[in-house]
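Data block below; observations after.
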Amino acid sequence: MNIQLTVTHTASPELLAVLGGLLKGESKSSAKSSAQKTTVSASTDEGTGDITITEIRELATDLSKNKGKGEKVKALLTEFDCKAITGLKADQYENFYNKLKAL
């Protein structure tokens, strides 16, 4: 899921002066004290494919609590170099989910 977000902010002249001073080769006058618009594209923590972190959590919980496979779920997390499901990267969701289903 992608989200389009527009943020409008106004920076104080003092902050702009400091930031301008940090930029090499540019003078402080290059910083503008007017409102600026920034467009940011972001992905939610739902991942890049069809599998969501919520689906992973639900399956892992079911396997751990109802199927007695908690140790196997932990071992799979270790295989993915994670201590918890929240440590998974979005591009790992689908592969991790498929391996969970195979347990």
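The values are calculated or read from the model by the stated rules, or taken from the named source; none is laboratory data. As the structure is a computational prediction, the values presented were derived from the model and not from experiment. Quick reminder, even Gly has a Cβ in these numbers, built from the backbone with ideal geometry, and neighbours come from all protein chains shown.
Only residues that are assigned to a helix (DSSP H, G or I), touching a helix residue (DSSP H, G or I) at 6+ places or on another chain (Cβ under 9 Å) and of a type in the set (A, V, I, L, M): list them for the stretch 72-94, please.
Applying the first criterion (assigned to a helix (DSSP H, G or I)) to the stretch 72-94 yields 72-79, 85-87, 90-94.
Remaining after also requiring touching a helix residue (DSSP H, G or I) at 6+ places or on another chain (Cβ under 9 Å): 72-74, 76-77, 79, 85-87, 90, 93.
Answer for the stretch 72-94, where residues must be assigned to a helix (DSSP H, G or I), touching a helix residue (DSSP H, G or I) at 6+ places or on another chain (Cβ under 9 Å) and of a type in the set (A, V, I, L, M): V73, L76, L77, I85, A90.
Pick out the one residue from K89, K24 that is surrounded by fewer than 13 Cβ atoms within 10 Å (Cβ to Cβ), out of contact with any Ser or Thr (no Cβ under 9 Å at 6 or more places or on another chain) and at pLDDT 90 or above.
Values: K24 fails: at pLDDT 90 or above.
Checking each option against the conditions leaves just K89.
If you scan the stretch 65-85, which residues turn out to be within 25 Å of the chain's Cα centre (by Cα) and more than 15 Å from I51 (Cβ to Cβ)?
V73, K74, A75, L77, T78, E79, D81, C82, K83, A84
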